[in-house]
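As structure tokens, the structure follows; a few thoughts come after it.
The values are calculated or read from the model by the stated rules, or taken from the named source; none is laboratory data. None of these values were measured; they are calculated from a predicted model. Please note: Cβ atoms are built from the backbone with ideal geometry, for glycine as well, and neighbour counts cover all protein chains shown. The area values use the complete protein model at the heavy-atom level, side chains included, leaving out ligands, DNA and RNA. Shrake-Rupley method; radii C 1.70, N 1.55, O 1.52, S 1.80 Å.
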Protein chains: 2
Amino acid sequence: MSKSTRQMKLGAFLMTPGHHVAAWRFPGAEASEVLNLKFYKKLAQTAERGKFDMLFLADGYSVSEKYAEAVAQTVTVRPEPITLLSALAAVTDHVGLAGTVSTTYNEPYHVARKFASLDHLSSGRAAWNVVTSANPDEALNFNKESHLLHSLRYERAEEFLNVVTGLWDSWEDDAFLFDKENAAFADKNKLHTLHHKGEWFSVKGPLNVARPVQGYPVIIQAGSSEPGKELAARTAEVIFTAWQTLEEAQNFYSDVKGRLAKYGRSPEDLKIMPGVFPIIGRTEEEAKEKKALLEQLIPEEAGISLLSQLISFDLSPYPVDGPLPDLPELDQINGGKTRFTLLKDLAERENLTIRQLYERIAGARGHREILGTPEQIADQLEEWFLSGAADGFNIMPPYLPGGLEEFVDLVVPELQKRGLFRTEYTGTTLRDHLELKRPVHPAAFEDAAVLYSVN
Amino acid sequence: MSKSTRQMKLGAFLMTPGHHVAAWRFPGAEASEVLNLKFYKKLAQTAERGKFDMLFLADGYSVSEKYAEAVAQTVTVRPEPITLLSALAAVTDHVGLAGTVSTTYNEPYHVARKFASLDHLSSGRAAWNVVTSANPDEALNFNKESHLLHSLRYERAEEFLNVVTGLWDSWEDDAFLFDKENAAFADKNKLHTLHHKGEWFSVKGPLNVARPVQGYPVIIQAGSSEPGKELAARTAEVIFTAWQTLEEAQNFYSDVKGRLAKYGRSPEDLKIMPGVFPIIGRTEEEAKEKKALLEQLIPEEAGISLLSQLISFDLSPYPVDGPLPDLPELDQINGGKTRFTLLKDLAERENLTIRQLYERIAGARGHREILGTPEQIADQLEEWFLSGAADGFNIMPPYLPGGLEEFVDLVVPELQKRGLFRTEYTGTTLRDHLELKRPVHPAAFEDAAVLYSVN
């Protein structure tokens with residue numbers, strides 16, 4: 001094969017001390033360091049050494065106490081993403097900084113401001129993973145009795161995003177003059193007030209932070225449901241998604257890319273990056289041994305709890321070595337719908353017991369698991385990348401720091417050798433790395449007013 | 001005088017590019033760097049070189065457009081404090097990191113979590129300046145038509161603080177075991193759920209961050225009104241306050257310290273740190289020249305705007321070289337009440353015009369201005385410190401980076417020579433620097449339940 005000119009994008013999805021639910025028990029996993037900045041600094045610098053496009057942090061607003069033993073057996077505490085990414089901005093130079101912040105329990109003014117600030121402090125490396133909150137435990141921490149219905153969460157998310165991007169456009173890029181002589185700090189004609197009044201939010205603006213270095217921080221989305229896909233097609237620049245098979249991933253890829261044109265967007269304007277959980281060995285045998293060890297380390301109740309949370313259905317009353325019970329219909333699930341379907345189908349297709357299913361998902365959590373030597377790992381990434389299933393991958397190391405170091409030291413060089421991945425950063429911002437356009441300020445268009453969400 | 005054993009506490013209140021409204025026009029002020037992390041890193045490292053107890057950041061959630069020329073003539077954009085302090089945590093080792101976050105437009109779960117995270121990432125250097133929002137422009141950015149009445153803001157603030165400290169106590173200090181062998185990450189009996197249901201908030205908990213390194217991040221308050229003083233006496237560990245005269249400061253000091261006993265607290269449990277705006281010259285003449293230059297650089301509309309905002313009353317319709325108009329009664333002011341009274345009294349006492357008054361406050365903004373040689377500056381700090389008016393000071397450099405560098409290089413050595421300030425950090429956390437006790441987890445008390453806000 002000749003060298004590819006198209007190169008894959010890579011995110012380092014840092015779930016500490018690893019994505020596998022038993023990661024903290026794995027030899028070498030630094031379980032006691034999950035709140036220590038030095039640990040994250042080392043991870044970030046490893047990712048940067050590996051020329052990753054970005055670090056990626058998930059988030060949640062609760063500790064589930066439903067399964068008491070699971071509280072004892074799993075890692076339930078971690079740094080908050082905005083604080084952690086801001087700290088890492090100061091000790092890295094190139095790698096993007098992507099953080100998850102929910103639209104369900106936040107205010108758009110705060111979110112716009114924090115990401116704008118992070119984008120400035122990092123010289124243009126911020127990304128916002130826009131999610132809705134589907135966990136009933138979270139509602140109880142925000143003055144609610146229950147969480148919003150799926151469809152309402154998406155309505156709110158869409159308006160939230162409009163407000164945030166509108167606030168990022170408060171100042172034109174060249175609004176600041178710094179003209180000491182003429183007492184002109186800013187050109188007041190380049191300040192725009194949003195005056196948003198919608199169904200969910202009333203936000204006047206303007207924002208008290210200059211337009212972000214990247215215009216907008218990169219917008220990432222994870223939802224793969226119907227409203228999720230539509231919102232992504234209109235507004236997302238990266239989709240982080242979960243697929244087990246090449247065919248599913250190809251279908252999703254062509255489905256979402258096909259929706260872009262109606263919003264005046266090109267296929268390159270949206271990068272699709274499925275999650276991948278790689279178990280790397282110097283030999284295939286070593287990789288299999290690691291996998292077996294990880295499975296063996298899963299505390300039973302932690303496994304049941306994780307699976308119950310992923311499918312939004314409590315499996316603890318059922319025999320762990322029996323099959324899944326009859327599950328509710330999809331329309332009665334007010335959690336992550338795509339994940340529910342994916343796991344239910346997997347259990348049926350392969351006739352798995354509860355234990356077998358949680359062992360399967362205790363690492364990748366519904367994402368694609370790949371296993372083998374560095375060459376085999378690279379083969380599996382290359383296959384999806386070259387066959388219309390992915391523009392890149394969000395890499396989910398099973399255990400940290402080892403899983404990331406192995407990927408950087410063993411797999412990245414193999415991808416580089418094949419011309420599939422950069423050998424040096426060529427730009428300075430995350431948009432540069434991802435080959436995404438910088439959003440033009442609406443004032444540059446003739447009829448700028450239509451681009452604001454003035455209701 | 002023999003060397004004092006009691007030493008003053010110093011905060012570096014960083015308003016960039018300086019506290020004076022014309023700071024950005026001052027020679028050497030780095031006006032274009034107000035969103036650049038390198039600039040703040042230099043400031044933070046300068047403060048740390050000067051052995052400051054902490055950096056201090058104010059905050060606000062709006063750009064006032066009422067005075068169009070003022071938007072053009074003043075600095076209206078700055079980084080958001082939580083992101084900036086987190087970034088600075090990664091490039092400093094000792095200095096405390098104090099950020100302002102309002103209780104009026106935030107959720108306690110988010111605030112508890114971000115400060116807990118910052119406290120871990122900084123190894124115990126976080127402080128929260130607890131404020132209420134009194135600016136009508138801010139309400140419009142958070143789905144409100146107008147801001148809360150003064151008394152309601154304090155009710156909400158008090159409950160907010162209860163929830164936040166309750167969430168910080170979610171995990172006992174020794175809740176985490178990291179016991180790989182026995183699959184025991186945490187001791188589930190050391191997890192406490194808040195179950196708060198109050199007038200303003202319903203927050204179940206627990207928090208998904210371990211108990212902060214400092215137990216609680218240091219609690220700072222700024223309000224000096226009657227409810228502000230009472231809340232501070234019950235809960236604050238530092239008060240940042242504004243007084244012009246020694247007598248006022250002494251009265252406030254003894255008033256607040258006298259309120260502590262009824263909450264079972266000692267005078268040392270609360271440090272009173274008035275703001276001080278120092279204009280430093282190698283000679284007194286040079287200091288006076290700097291002051292004159294700063295006044296000369298104030299754009300007129302920016303001065304009127306600043307003053308109007310500080311007293312919550314629009315002065316723009318009145319002749320700038322005439323006296324203050326008749327102002328409303330104090331009970332009709334729904335803004336900062338203490339500031340209103342202070343400035344009104346100052347104008348009356350000294351018979352000042354609007355211009356003279358804004359020139360007087362364009363730097364210190366109601367705080368104490370001191371001027372002179374390093375020795376004269378030290379004399380003025382020492383006087384208040386030794387006469388029952390202050391436990392330390394929040395230093396407000398007129399222009400940056402110069403104003404902070406002069407304080408560190410010229411005034412700090414003078415204070416050290418007099419035994420009034422540390423020559424080295426002797427502890428590692430901000431509580432160590434401030435000589436504040438680490439809050440004991442309520443579970444250590446016999447009747448722990450009473451310490452939780454269970455309604």
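Table for the structure above
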{"item": "Filtered residues of region A:37-94 (kept if more than 20 Å from A:W128 (Cβ to Cβ) and basic (K, R))", "result": "A:K38, A:K41, A:K42, A:R49, A:K51, A:K66"}
{"item": "Residues located in region A:61-74, provided they are within 9 Å of chain B (Cβ to nearest Cβ) and open to solvent by 20 Å² or more (accessible area, probe 1.4 Å)", "result": "A:S62, A:E65, A:A68, A:E69, A:Q73, A:T74"}
{"item": "Qualifying residue in region A:353-361 (condition: in contact (Cβ under 8 Å) with a residue 60 or more places away in the chain and aliphatic (A, V, I, L, M))", "result": "no"}
{"item": "Residue count, region B:175-198 (criterion: free of Cβ contacts under 8 Å to residues at least 60 places away in the same chain, touching a helix residue (DSSP H, G or I) at 6+ places or on another chain (Cβ under 7 Å) and more than 8 Å from every other protein chain (Cβ to nearest Cβ))", "result": "1"}
{"item": "Residue selected from region B:212-227 under the condition touching a Phe, Trp or Tyr at 6+ places or on another chain (Cβ under 7 Å) and part of a loop (DSSP other than H, G, I, E, B), by the criterion nearest to the other protein chains (Cβ to nearest Cβ)", "result": "B:P212"}
{"item": "Region B:131-169, residues that are surrounded by fewer than 24 Cβ atoms within 10 Å (Cβ to Cβ), among the aliphatic types (A, V, I, L, M) and over 20 Å from the mean Cα position of the chain (by Cα)", "result": "B:A139, B:L140, B:L148, B:L149, B:L152"}
{"item": "Check on A:L410, open to solvent by 10 Å² or more (accessible area, probe 1.4 Å), more than 19 Å from A:G96 (Cα to Cα) and part of a helix (DSSP H, G or I)", "result": "yes"}
{"item": "Options A:A47, A:A58; residue that is open to solvent by 10 Å² or more (accessible area, probe 1.4 Å), at pLDDT 95 or above and either among the polar types (S, T, N, Q) or over 30 Å from A:K197 (Cβ atoms) (or both)", "result": "A:A58"}
{"item": "Qualifying positions in region B:199-211 - part of a loop (DSSP other than H, G, I, E, B) and either of a type in the set (S, T, N, Q) or more than 9 Å from every other protein chain (Cβ to nearest Cβ) (or both)", "result": "B:E199, B:N208, B:R211"}
{"item": "Filter result for the condition that a residue is assigned to a helix (DSSP H, G or I) and open to solvent by less than 20 Å² (accessible area, probe 1.4 Å), over B:G403, B:G427, B:G419", "result": "B:G403"}
{"item": "Yes/no for B:E172 being over 30 Å from A:E33 (Cβ atoms), more than 9 Å from every other protein chain (Cβ to nearest Cβ), in contact (Cβ under 8 Å) with a residue 24 or more places away in the chain and open to solvent by 30 Å² or more (accessible area, probe 1.4 Å)", "result": "no"}
{"item": "Pick from region B:328-371, criterion closer than 19 Å to B:S224 by Cβ and in contact with a strand residue (DSSP E or B) (Cβ under 6 Å, 6 or more places away or on another chain), ranking: most open to solvent (accessible area, probe 1.4 Å)", "result": "B:E369"}
{"item": "Among (1) over 30 Å from A:P413 (Cβ atoms); (2) of a type outside the set (V, I, T); (3) in a helix (DSSP H, G or I); (4) modelled with pLDDT of 95 or more, the one test that A:A302 misses", "result": "(4)"}
{"item": "Condition met for B:S122 (among the hydroxyl-bearing types (S, T, Y), touching a strand residue (DSSP E or B) at 6+ places or on another chain (Cβ under 7 Å), at pLDDT 95 or above and open to solvent by less than 40 Å² (accessible area, probe 1.4 Å))", "result": "yes"}
{"item": "Residue within region A:91-107 that is modelled with pLDDT of 95 or more, closer than 19 Å to A:L167 by Cβ, facing chain B (nearest Cβ under 7 Å) and open to solvent by less than 10 Å² (accessible area, probe 1.4 Å) present", "result": "no"}
{"item": "Subset of region B:269-289 [open to solvent by less than 10 Å² (accessible area, probe 1.4 Å) and under 11 Å from B:Q376 (Cβ atoms)]", "result": "B:P278, B:I279, B:I280, B:G281, B:A287"}
{"item": "Any hit, region A:78-88, residues being hydroxyl-bearing (S, T, Y), within 20 Å of the chain's Cα centre (by Cα) and open to solvent by less than 10 Å² (accessible area, probe 1.4 Å)", "result": "yes"}
{"item": "Boolean, B:P374 is open to solvent by 30 Å² or more (accessible area, probe 1.4 Å) and either in contact with a strand residue (DSSP E or B) (Cβ under 7 Å, 6 or more places away or on another chain) or among the basic types (K, R) (or both)", "result": "no"}
{"item": "Given (1) at pLDDT 95 or above; (2) surrounded by 20 or more Cβ atoms within 10 Å (Cβ to Cβ); (3) more than 10 Å from chain A (Cβ to nearest Cβ); (4) farther than 19 Å from B:A112 by Cα, number of the condition B:A242 does not satisfy", "result": "(1)"}
